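The values are calculated or read from the model by the stated rules, or taken from the named source; none is laboratory data. Remember, predicted model here, so these are calculated numbers, not experimental data. Because the Cβ atoms are built from the backbone with ideal geometry, glycine has one as well, and the counts that use them run over all protein chains shown. With ligands, DNA and RNA removed, areas are computed over all heavy atoms of the protein, side chains included. Shrake-Rupley method; radii C 1.70, N 1.55, O 1.52, S 1.80 Å.
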Amino acid sequence: MSFNIPNSLTWARIALIPIFVGIFYLPDSWFPVAEKNLFATVIFIIAAITDWFDGYLARALSQTSAFGAFLDPVADKLMVAAALILLVQLARVDAIIAVVIIGREITISALREWMARVGESASVAVAYIGKLKTAAQMTAIPLLLYNAPLLAIDLRFVGSVLIYVAAALTLWSMGYYLHKAMPRLARHKE
């Protein structure tokens, strides 16, 4: 396990998760709901920025590692899952949306792991549809966390629309990856 700047940023992202979740358990008299929403939004955005930044630094500093390649997507999925579960608890996202998005992440992660074991990981590399899904999801979640109008824009409505778009893209991308993997899966049946 290598400790370098990119991996340290990934670990920091994971360390933010209990703080991100915990603020919603503080009494409203200590931390009013609007401040909880703002703080959670800022933490989520920081996590999203460090996700981009740690990948950039790993490549720029030639500090890529197998451990970093493993840990980075785990950190992303943990943060997104925590955010979606909170949003369900706060009645800002339907549970079915969270199940679809989290279920897809588990399914595709397992598929990628299995494909890597049989030497076929290139067939399930990140595709454009997966990037679109991530963009919609990573835009929707902070809007739903913030949960207040901004400059006369109803961010909750925009976030709600985007999270449904993200769920649709989630299903589409899962179908795409499964379709791409199907010939390899058929060849490697055990």
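Quick notes on this structure:
- Contacts under 9 angstrom Cβ, first residue in the range 21-45 being among the small types (Gly, Ala, Ser), partner open to solvent by 10 Å² or more (accessible area, probe 1.4 Å) and not in a helix (DSSP H, G or I), 6 or more apart: ALA34/ASN147; ALA34/ALA148
- Per the conditions (1) modelled with pLDDT under 80; (2) closer than 25 Å to ALA82 by Cα, the sole criterion not satisfied by VAL161 is (1).
- The number of residues in the range 65-88 that are open to solvent by 30 Å² or more (accessible area, probe 1.4 Å) and modelled with pLDDT of 80 or more comes to 8.
- Condition check for LEU178 on (1) touching a Leu at 6+ places or on another chain (Cβ under 8 Å); (2) modelled with pLDDT of 90 or more; (3) among the hydrophobic types (A, V, I, L, M, F, W, C): one failure, at (2).
- For the range 75-106, residues that are over 21 Å from LEU178 (Cβ atoms) and assigned to a helix (DSSP H, G or I) total 12.
- Lone qualifier among ALA91, ALA110, ALA127, ALA98 - being open to solvent by 30 Å² or more (accessible area, probe 1.4 Å), among the hydrophobic types (A, V, I, L, M, F, W, C) and over 28 Å from SER8 (Cβ atoms): ALA91
- Selection status of ALA58, of a type in the set (A, V, I, L, M) and touching a Ser or Thr at 6+ places or on another chain (Cβ under 7 Å): yes
- Listed by first and then second residue, the pairs with beta-carbon distance under 6 Å, at least 6 apart or on different chains, first residue in the range 60-78 and more than 13 Å from ASN4 (Cβ to Cβ), second among the β-branched types (Val, Ile, Thr), are ALA75/THR10; ALA75/ILE14; LEU78/ILE17.
- Candidate set from the range 21-64 (those that are among the small types (Gly, Ala, Ser) and within 21 Å of THR10 (Cβ to Cβ)); member that is most open to solvent (accessible area, probe 1.4 Å): SER62
- Out of LEU144, LEU155, sole residue that is at pLDDT 95 or above and of a type outside the set (Phe, Trp, Tyr): LEU144
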